[in-house]
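Chemist: This is the structure I have questions about; it appears just below.
Computed from the coordinates by the stated procedures, all read-outs in this text should not be read as laboratory data. No experiment lies behind these values; they were computed from the predicted model shown. Note that we place each Cβ from the backbone using ideal geometry, even for glycine, and neighbour counts take in every protein chain shown.
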Amino acid sequence: MIAIQDYYADHFARCYGCGRLNAHGYQLKTRWNGEHTLTTFVPKEYHTSIPGFVYGGLLASLIDCHGTGSAALALARDRGLVLVPYNAPRCVTASLQINYLSPTPIESEIRILGKIIEVKGRKVIVDAELYADNKLCVTGRIIAVEVPENFGK
């Protein structure tokens with residue numbers, strides 16, 4: 001399946017975390033994985049905090065972008081929207097709560113799973129779990145809000 005970010009309109013596709021049109025960004029891709037959403041990311045050695053571990057601000061950023069992508073997927077599913085280029089709903093973060101449980105090793109692929117907690121109008125609540133080496137390292141809760149099509153134009 002193509003990622004939700006590939007369905008964003010061009011003016012919504014410049015995000016540092018997930019924008020397909022931002023060559024300097026992380027290029028995150030969020031997809032359904034059963035009833036959960038999934039994003040993967042491989043940190044570079046310069047994403048370090050203490051040698052051997054990923055910088056916590058990057059981990060929060062990954063959960064943030066995964067949360068807004070998950071919210072867009074949830075809105076599309078809730079509305080029965082057939083995704084075509086470039087009709088995906090676009091969400092921004094209204095609230096982000098992060099809990100660091102364990103240091104995240106830098107040499108591992110990161111997997112972020114999202115669980116949709118609530119869809120209510122334009123608001124979506126997503127719980128996220130970030131894993132490295134199959135170990136839960138970070139959790140988060142994202143409250144995302146859909147923006148209108150002309151937002152940022």
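Chemist: What's the lysine pair count for segment 4-146 at a Cα cut-off below 26 Å, pairs eight or more apart or interchain?
Modeler: Lysine pair count for segment 4-146: 8.
Chemist: Net charge near residue 125, counting Lys/Arg +1 and Asp/Glu -1 over other residues with Cβ under 11 Å of its Cβ?
Modeler: The answer is +2.
Chemist: So for segment 4-146, averaging the separation of alpha carbon pairs under 8 Å that are six or more residues apart and normalising by length, what relative contact order in percent results?
Modeler: The value is 26 percent.
Chemist: Mind putting a number on the dipole of the chain about its Cα centre? Charges go on the C-beta only, +1 for Lys and Arg and -1 for Asp and Glu, and I need it in Debye to the nearest 20.
Modeler: It works out to roughly 360 debye.
Chemist: For all pairs of alpha-carbon atoms in segment 1-118, what percent lies in each bin of width 10 Å, listed from the first bin to the last filled one?
Modeler: Per 10 Å bin, starting at zero, the Cα-Cα P(r) for segment 1-118 comes out as 14, 45, 31, 9, 1 percent.
Chemist: A further question follows. If you take every residue apart from residue 63 with its C-beta less than 11 Å away from the C-beta of residue 63, what net charge results, scoring Lys and Arg +1 and Asp and Glu -1?
Modeler: Combined, the nearby Lys, Arg, Asp and Glu give -2.
Chemist: If Lys and Arg each add +1 and Asp and Glu each add -1, what is the summed charge of the other residues whose beta carbon sits under 12 Å from the beta carbon of residue 106?
Modeler: So the environment of residue 106 carries a net charge of -3.
Chemist: Considering the chain as a Gaussian network with a 10 Å cut-off on Cα pairs, which listed residue, 51, 103, 89, attains the greatest mean-square fluctuation?
Modeler: 51
Chemist: While we're looking at this one, here's another question. Taking the Cα centre of segment 1-80 as origin and charging only Cβ (+1 Lys, Arg; -1 Asp, Glu), how large is the dipole, in debye to the nearest 20?
Modeler: The calculated dipole for segment 1-80 is roughly 100 debye.
Chemist: Mind listing which GluC sites (Glu not before Pro) in segment 36-110 are in a DSSP loop and have 14 or fewer other Cβ atoms within 10 Å?
Modeler: Counting only loop positions with at most 14 other Cβ atoms within 10 Å, the GluC sites (Glu not before Pro) in segment 36-110 are 107, 109.
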